[in-house]
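Structure record follows, encoded as C-alpha cells.
The values are calculated or read from the model by the stated rules, or taken from the named source; none is laboratory data. No experiment lies behind these values; they were computed from the predicted model shown. Ideal geometry is used to build each Cβ from the backbone, glycine not excepted, and the neighbour counts take in all protein chains shown. The area values use the complete protein model at the heavy-atom level, side chains included, leaving out ligands, DNA and RNA. Shrake-Rupley method; radii C 1.70, N 1.55, O 1.52, S 1.80 Å.
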Amino acid sequence: MGVKSGLGFVQSVRRILRGRPQIPASLEDNPALAVVLRRRSVRRFAREEIPDDVFAAILEAGRLAPSTVNLQTWSLAVFTPELWRETFGRSIPFGGARAVVVMGDTHRVRLALEAFPQSPMVEYTVAVMNASLAAMNMNIAAEAVGVSSVMLSETGRTGLLDAGYLKEKLGLPERVAPLLTMVFGYRRGPAPVMPPKLPMEAITFEGRYREPGEGVMERWLAEMKAGYKASHPLSSFEAQLEVYRGKIDEAEAALRQMVFSSLEEM
Ligand SMILES: Cc1cc2nc3c(=O)[nH]c(=O)nc-3n(C[C@H](O)[C@H](O)[C@H](O)COP(=O)(O)O)c2cc1C
C-alpha cells in the first residue's frame, strides 16, 4: 500500500481526517450549500420511522428532477420494511426505514411517442442520466429534511449488478433497467467521515483535457485502501472490489439484454 506514493497507512488516514469542503468563508452560512456539502452516504440507521409526509416530500423531489426534453425517464419502486421483506425475503440493507429502487425507464415514454428510433446506447444513456438526477434530487431533499441515505449498486442484491434478479422480482418490462437502491433513514451514530475526494485540479481543466498531476491517483488509492482498512479492519478495499467483480459478468449479460434486445444483430 502506498509504495508508489510513499504514503503509509497513518499518513493516509490523517489526510482523510483533514479533508474538508473547500468553500469561501462568505458562503459558510449558506444553508442550501451546507446541505449539499454535508451529505454523506450513511450505512447505520436508527429504528425510527420516517413520517409519510416527509417521505412523500423526498419522492416529490425525485418527481420534479430535470431530464432530457423533460422525458422523465425514471421509475421508482417504493418500499416499506415490510414490503421489502415480502419482496426480497430480507431486511432493508443497514436497517433503513424506507427504500427506493431507482430505474432508468424509457418504456413509459414510448407509450406516448417514438423518442429513440433504434439507438439503444443513446436511449440507455439518457435513461441512466436522468434517473441518476432524480436519485440525487431525492438524496439532497432527504438531507435537507434531516433524513440520511445511501445509494447502493451492490449491497443487498438490489442494484445495477442484480439487474436480472430485479427484473424478475419487480416484473419489469423491456427498457426498464434497475440502477440502484436508495436506502433512507435517520442516522445512528456520528456523521461518517468524508471519504477521499480528488483535488479540484485533478477533476477540472479549462478547455482541453488534462491528466491528473503526478502521484495524485496513487495518493487517492492509498487513502481509499487506508480508509477502508480503518473502517473494516477484517476486510480490505481489494476484497470489496472482488465481491463487486464477482457479480459483473452476470450483470453485464443481463444489462446487454435489456439495452440491446431491440436490435436483431445483438
Ligand atoms: C451509483 C452508486 C452506487 C453505490 N453503491 C454502493 C454499494 O453498493 N454499497 C455501498 O456501501 N455504497 C455504495 N455507494 C456509496 C458510495 O460508496 C459513496 O457515495 C462514496 O464512497 C462516496 O461517499 P459519500 O457519498 O459519503 O460522499 C454507491 C454510490 C453510488 C452513487
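A few points about this structure:
- Top-ranked residue of region 90-115 - restricted to ones that are of a type outside the set (A, V, I, L, M, F, W, C) and open to solvent by 60 Å² or more (accessible area, probe 1.4 Å), ranked as nearest to Arg43 (Cα to Cα): Ser91
- Considering only residues in region 134-176 that are in contact (Cβ under 8 Å) with a residue 12 or more places away in the chain and of a type in the set (D, E, K, R), the one that is farthest from the ligand (Cβ to nearest atom) turns out to be Glu174.
- Qualifying residue in region 138-155 (condition: of a type in the set (Val, Ile, Thr) and in a loop (DSSP other than H, G, I, E, B)): yes
- Selection of region 156-176 for residues being aliphatic (A, V, I, L, M) and either in contact with a strand residue (DSSP E or B) (Cβ under 7 Å, 6 or more places away or on another chain) or not in a helix (DSSP H, G or I) (or both) yields Leu160, Ala163, Leu166, Leu170, Leu172, Val176.
- Matching option when the condition is more than 29 Å from Thr125 (Cβ to Cβ), away from the ligand (no atom under 16 Å from the Cβ) and surrounded by fewer than 16 Cβ atoms within 10 Å (Cβ to Cβ), among Pro31, Pro66, Pro81: Pro31
- The residues of region 177-230 that are more than 16 Å from the ligand (Cβ to nearest atom), part of a loop (DSSP other than H, G, I, E, B) and surrounded by 13 or more Cβ atoms within 10 Å (Cβ to Cβ), listed by number, are Tyr186, Pro212, Gly215.
- No other residue among Gln118, Gln72 is crowded, with 16+ Cβ neighbours inside 10 Å and away from the ligand (no atom under 16 Å from the Cβ) apart from Gln72.
- Among the residues of this structure, Ala61 counts as one that is assigned to a helix (DSSP H, G or I), among the hydrophobic types (A, V, I, L, M, F, W, C) and under 20 Å from the mean Cα position of the chain (by Cα).
- Restricting region 231-250 to residues that are open to solvent by 60 Å² or more (accessible area, probe 1.4 Å) and in contact (Cβ under 8 Å) with a residue 40 or more places away in the chain leaves a set whose member that is farthest from Glu154 (Cα to Cα) is Glu250.
- Taking each residue of region 101-126 that is assigned to a loop (DSSP other than H, G, I, E, B) and looking for partners that are open to solvent by 70 Å² or more (accessible area, probe 1.4 Å) with beta-carbon atoms closer than 7 Å, six or more apart or interchain, yields Phe116/Val122.
- Scan of region 33-58 for residues that are within 20 Å of the chain's Cα centre (by Cα) and not in a helix (DSSP H, G or I), ordered by number: Arg39, Arg40, Ser41, Val42, Arg43, Arg44, Phe45
- Some residue of region 70-77 being more than 18 Å from the chain's Cα centre (by Cα), within 19 Å of Val126 (Cα to Cα), modelled with pLDDT of 95 or more and among the hydroxyl-bearing types (Ser, Thr, Tyr): no
- Region 8-26, residues that are surrounded by 11 or more Cβ atoms within 10 Å (Cβ to Cβ) and assigned to a helix (DSSP H, G or I): Phe9, Gln11, Ser12, Val13, Arg14, Arg15, Ile16, Leu17
- Failed condition for Arg44, given (1) open to solvent by less than 60 Å² (accessible area, probe 1.4 Å); (2) of a type outside the set (Gly, Ala, Ser); (3) within 14 Å of the ligand (Cβ to nearest atom): (1)
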